[in-house]
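Read the figures in this text as sums done on the coordinates, not as results from a lab. On a predicted model such as this, the values are computed, not experimentally measured, just so you know. Heads up, the Cβs are rebuilt from the backbone with ideal geometry, glycines too, and the neighbour counts pull from every protein chain shown.
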Amino acid sequence: MNPLSKLEEYLSAYGRLVSQPDIRAKIDRLSKVITDAQLRGNKLLLAGNGASAAISSHLATDFSKQALIRAMSFNDASLITAFGNDLGYESWIAKAVEVYADAGDILILISSSGRSPNVISAAKTAKALGLTVIAFTGFDHSNPLGALGDMNFWVESHAYNIVECIHMIWLTATCDLIIASKHDGSVA
């Protein structure tokens with residue numbers, strides 16, 4: 001196959017997936033859920049593994065700095081290694097949620113597969129503590145994290161880079177929508 005044809009197929013997948021039919025309503029709903037939590041005095045927590053952890057870190061900064069939403073990401077190496085060493089890697093995010101979350105907070109969990117044991121454990125802990133759980137998943141539609149989420153933003157792809165980039169676009173769109181609602185209404 002011609003490399004340019006492969007590139008066209010790749011870019012077309014992004015175009016199709018980023019604008020799936022229900023995504024506009026879901027992003028609008030998520031922006032309202034986050035804004036309502038802020039008005040109640042609650043905060044936004046984000047977590048994931050690998051690239052999903054990097055996305056959570058990036059978005060915690062954007063929500064805090066630009067949208068003026070209190071947000072934090074669980075990605076500090078000392079936190080991960082201390083909790084992971086003492087409790088096991090599959091429990092470290094759940095412990096961080098237990099320590100840092102307040103009832104009414106929102107936890108955004110990002111997992112391409114939706115099957116990472118530490119992320120699933122965190123979702124269960126968050127639900128028990130009264131948090132709203134927002135899942136960003138991919139791969140198979142029926143995945144444990146998506147089933148635990150109050151909302152599931154699912155990408156129909158098994159390609160990590162595509163799933164991760166779409167998650168990033170949807171999360172930055174949510175942040176920008178909140179920023180626009182606080183300012184002049186323009187998102188671009």
Open item on the list: Once R0 is set to 35 Å, what does the formula 1/(1 + (r/R0)^6) return for the Cβ-Cβ distance between GLU8 and ALA77, expressed as a FRET efficiency to the nearest 0.05?
Closed with: 0.30
- [ ] Rounded to the nearest Å, what's the spacing between the alpha carbon centres of region 134-188 and region 4-65? Just the number, please.
- [x] 3 Å
Task: Residue order, fewest to most beta carbons within 10 Å, for THR81, THR35, THR125, THR174 - done: THR81, THR35, THR125, THR174
Open item on the list: Using Cα springs under 10 Å in a Gaussian network model of the chain, which residue among ALA128, ALA67, ALA94 shows the largest mean-square fluctuation?
Closed with: ALA128
Task: Ellipticity estimate at 222 nm from DSSP helix runs (n ≥ 4, -39,500 (n - 2.57)) divided over the chain, nearest 500 - done: -18500 deg cm²/dmol
